[in-house]
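The values are calculated or read from the model by the stated rules, or taken from the named source; none is laboratory data. These figures come from a predicted structure and were not determined experimentally. Virtual Cβ from ideal backbone geometry, glycine too; neighbours counted across all protein chains shown. Areas reflect the complete protein model, heavy atoms only, side chains present, ligands, DNA and RNA absent. Shrake-Rupley method; radii C 1.70, N 1.55, O 1.52, S 1.80 Å.
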Amino acid sequence: MKYPVAVSVNGRAYRREVEARTLLVDFLRDHLGLFGTHVGCETSQCGACLVTLDGLTLKACTRLAVQADGAQVTTLEGLLVDGNLHPVQSALLKECALTCGFCASGVVLAAKECLERKPVAGEDEVRRSLEGVFCRCTGYQPIVDAVRSLAAAPVRDLRDGATAEL
Amino acid sequence: MSTNARIEGESTGLEEGPRLVSGCGLFIADLRPPEVLHVHLVRSLEAHARIRSIETPAASASPGVVGVFTHTELAFVCDPLEWIGPLPPNTRCPPRPALAQWEARFAGEPLAAVVAESVAEARKAAEGLEVNLEPLPGILEPESALLQRVPCVHVSLGGNVAYQFVVSGGDTEEGFRKADRVLTHRIARPRYHPAPLETRGVVARWLESEKRLEVWSSTESPHFLRAQLAGAMRLPQSAVRVFTPDVGGAFGSKLGATPEELVVCAIARIVAPRPVQWIETREESLAFSTQARATSGELKVGVREDGRLLSISYDGIDDVGAYLPIVPGHNPSAEGTLLCGAYQIPAARMAVTAVFTNNPPATSCHGAGACGAGYIIERAMDLVAAALELDCVEVRRLNLFRELPATTVTRARYDSGDFSRLVDRAVERSQYAVLRHETSSRRRKGELVGLGVALLVGIGAQGPSRETGGPAWEAATVHVSADGSAEVFTGGLACGEGHETVLARIAAHALGVKADAVRVGRADTQTMRAGVGSFGGRSIATTGSAVLGAARALERRLRGVAAGILCTSVEYVDRDGADFVSGSRRVSYRDLCLLAHGASQLEPGSSPLLEETFVFEPQGSTHPISIHVAQVVIDSETGEVSVERCCNVRDLGRELDPALVEAQVRGGIALGIELALLAGSPRGDDGQPLQRTFMERPVSRAQGVPRFDISSLPTPTTLNPLGAKGLGDTVTMAAFASVMNAVVDALRPLGVLHVDPPATPEKIWRIVRSCRGTGGA
């Protein structure tokens, strides 16, 4: 038995038929070919499958594809604007905050969400917001520094990467 | 040997960074060749069992299933994996079947493979497989492997010893006799899985018309894998091509060849032309794949009353699991040479017996064997300090090699560095005296606070090959096209360390062009025909030196061509930026490359192919050094250890890109803390893994680690033209050992002299409770 799913991912509309058990993360990867969202643990620990669903940042292994019917989804690939990196991505690169890059989907989206919720987050708050993502390469400090470097830049709207009044 | 100019530059971040940070990396699970079939492996649920039968009809009839394979079917197309080339001395490596034939030797050994149109269908079908196992008594504790009349993990070997080595120098027994005190302690480290965020995976395709096998694998050693797979698949190596996509971390767990890779290749040959893919689940990764060895043994230290060590010995047993992992650079005795660490000790002896058990196969993860010895000597230093009531830094200072180069009594040669300066810097930067004072005053208030120090000497790039037992060299080819664009190919490529960036910069520097004119080719055994791999701390030191050699040779050739064009001799050709000049005459780099491709017409005998290959063979092993100071506090109610401060000073030789090095150093410290406090791979009494997901396997998280104070005092090594010693896992092990020392220091007021890692809350809580209980507190 297959179910229709109509979903907007990174601004593009998709219609697919999926099995009821298909997870959102598998839907993105296997049905839409968006491989920027990774599978790291299968048990909702590592955060490599973070996406934004109707404005909420969540682990795509905790949602069924059918639950995303009618939703707006943003994945790591969707953060590029006209081929330019999102400020969070640029900041992470500048701080050498990723090396193997497998955790990028989790780290970038968790960092972005942290900044959107609390634009001037302190060290502890940033670390707390990264609690749900694993990075095995960098010891987290460069990630924290990257987020905090953006927190220091006050007039930047991180939702779309454009400069705006806060 | 030194380069003419600086290669170090302003860090421009990772070359591969934009690709990875925007989700455009290509990892093994992202490969989707058309018509691909998926493999699900059915594994043994018993640690040791006779395989009575595997009934496949029900599974074969399941929807979407293309085939179900056991040893019988695969035996038509492949043999077991066997060690190709000379085995290290006193080592036994039984063949490792793709799928177990008569006997399952560890819980998790693959028994059957279900191949289906989708992963879900393969998994579903596997439920219908009837596996009939007869449990057999097994060896789960390495100590019992050596007893009389115990089961043999491999009956054909007639015993359970995998290998033995003894590394010794000086007369240890005499040292113990002369010593004022002889301290002994049993110390142990558990097996664990390093848990890179990306699990393993492989894709294979058989091209029948060409009789060729194409393999994509998330491996650290593509050429080694090719050799092993070709051997087992009864193919010439020239018929096997291995590609490595982006690798999401490895830490030693993706070295060598494994049965899963062989299963996928064998099935690909059977189901050709359809390609076949297997992606390891997290459970398979944590519970069943190659782990780090467990080790335990008796440490003995002979010391004078003034704190000078006279003799040290370690007699240990390592648990390699059910099969000796088939990995390049297998050289466990290298560990023994480092038993003296940074210290001038007149006599030392390390004897290790490695045994087969019914646990998953285990090898060196986090450090090419150096980790064990470094931890042992640094625990020994603290045991001495405690026994003599000396400060742990003072004991270390007393015994340090005053000057390098020096050779330890176990024949490790340290070519460069300054131990005293590193200790001074660490003491100064960590404000060690202040921390000591603070620790005492907090202790008086009843807090369990500890301070730990570890001075680790590791192995970066091993060499030379004739001494290391395995290949220590690396090869690189640099090719320049007619338009001036350059490509670098090497056998040792990145597993997430930023090699593309640094290797491109090395080549660009030697060629005299900008780094963005150089691309680093993906690891592919067809474009780079020979290579060794990316593991230990060898990549920049050895692979980088090979790239430098090839690029320099090519630059010399370009100069020769330029001399012809400029009507001068080669010694009068200079570079101005990328251009070649002689007096007022000039030819641009681009024009030169174009002309050089027609050079055969310009100059008789010259080749139009602008390409040079260089093999770098290190003449000795490099020894990166790291000193780490850690402060911990223990919650006596819960047993939880928190790391409050970390200060690290390193000498990794020349650092070509300090920002990338720092990223790895910080990552290494976080892993070291994890090894000390969290990581172990416990198994039940029946050999069943107790950690199958990240819910049971704790890892370092953002809130679990403090900010790290890191700094560098580099002294270039003379063992390679780049002066790089490599990173390896020296920093990880320094952090690990210092945190363990700090935990013991925190518990010393309770009379504790040693705690084996990991210092989990439960373990520490029990220790605190039993000490306070018996102490009447």
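Summary table
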quantity	calculated
DSSP-defined beta bridges in region B:300-377 - what % are antiparallel, rounded to 5	30
Evaluated over region A:2-78, the Cα radius of gyration and Dmax, each in Å	11.0, 29
Computed lengthening from B:Glu134 to B:Ser118, 0.36 nm per intervening residue step minus Cα-Cα distance	2.6 nm
Förster radius 22 Å - calculated FRET efficiency between B:Leu207 and B:Phe76 (Cβ-Cβ, nearest 0.05)	0.75
Antiparallel bridges, percent of DSSP beta bridges restricted to region A:1-151 (to nearest 5)	90
B:Ser253 long-range amide H proximity, modeled H, under 5 Å	none
Protein accessible area in region A:2-78, 1.4 Å probe - carbon and sulfur %	46
Selection from B:Ala113, B:Asn90, B:Ala59, by position along the positive dipole direction of region B:44-120 (Cβ)	B:Asn90
Approximate spin-label separation A:Glu19-B:Asp591, in nm, with each point projected 7 Å along Cα-to-Cβ	6.5
Computed helical MRE - 222 nm, chain B, DSSP H runs ≥ 4 contributing -39500 (n - 2.57), nearest 500	-8000 deg cm²/dmol
For region A:1-58 versus region B:745-775, the gap between their alpha-carbon centres in whole angstrom	47
Filter on B:Lys254/B:Lys763; A:Lys59/A:Lys112; B:Lys300/B:Lys763; A:Lys2/B:Lys124; B:Lys514/B:Lys725 - keep pairs with C-alpha separation over 22 Å	B:Lys254/B:Lys763; B:Lys300/B:Lys763; B:Lys514/B:Lys725
For B:Leu310, residues with placed amide H under 5 Å, excluding near neighbours	B:Gly302, B:Val303, B:Arg304
Residue-by-residue Karplus 3J(HN,Hα) for region B:456-466, coefficients 6.51, -1.76, 1.60, Hz, glycine and proline x	9, 10, x, 10, x, 9, 7, x, x, 4, 5
Region B:164-293: radius of gyration and largest Cα-Cα distance (Dmax), Å	21.5, 75
Rounded, prolate or oblate (a/c below 1.5 giving rounded, otherwise prolate when a/b exceeds b/c) for the protein assembly as shown by Cα gyration tensor	rounded
Estimated FRET transfer efficiency when R0 is 56 angstrom, pair B:Val36-B:Trp102 (beta carbons, to 0.05)	0.95
Gain in span if fully extended, B:Glu305 to B:Glu571, counting 0.36 nm per residue against the direct Cα distance	89.3 nm
B:Arg429-A:Tyr3 pseudo-label distance in nm [points 7 Å out on the Cα-to-Cβ vector]	5.5
Share of carbon and sulfur in the accessible heavy-atom surface of region A:87-151 [1.4 Å probe, %]	49
Accessible area per residue, Å², the protein assembly as shown with all protein chains present, probe 1.4 Å	37
Global form of region A:87-151, assessed from the alpha-carbon gyration tensor, a/c cut-off 1.5	prolate
Cα gyration tensor category, rounded, prolate or oblate, for chain B with a/c compared to 1.5	oblate
Extreme residue, positive dipole direction of the protein assembly as shown, given options B:Val632, B:Ile139, A:Ala68 (C-beta unit charges)	B:Val632
Accessible area that becomes buried as A packs against B, both chains, 1.4 Å probe, Å², nearest 100	4000
Karplus-derived HN-Hα couplings along region B:102-113 (A = 6.51, B = -1.76, C = 1.60, θ = phi - 60°), whole Hz, x at Gly and Pro	9, 9, 9, 9, 7, 5, x, 5, x, 10, 8, 10
Point-charge dipole on Cβ atoms (K/R +1, D/E -1) for chain B, about Cα centre, debye to 20	820
Förster-model FRET efficiency, 45 Å R0, B:Arg413 and B:Ala61, C-beta, rounded to 0.05	0.10
Gained length - B:Val150 relative to B:Ser584, 0.36 nm times residue gap less alpha-carbon distance	147.9 nm
Note, ³J(HN,Hα) from phi for region B:390-400, Karplus 6.51, -1.76, 1.60, rounded to Hz, x at Gly and Pro	10, 6, 5, 6, 4, 4, 5, 4, 4, 9, 4
Two-site label geometry, B:Thr718 and B:Arg748: point separation in nm, points 7 Å out along Cα→Cβ	3.9
Long-range HN-HN contacts of B:Leu609 with modeled amide H, under 5 Å	none
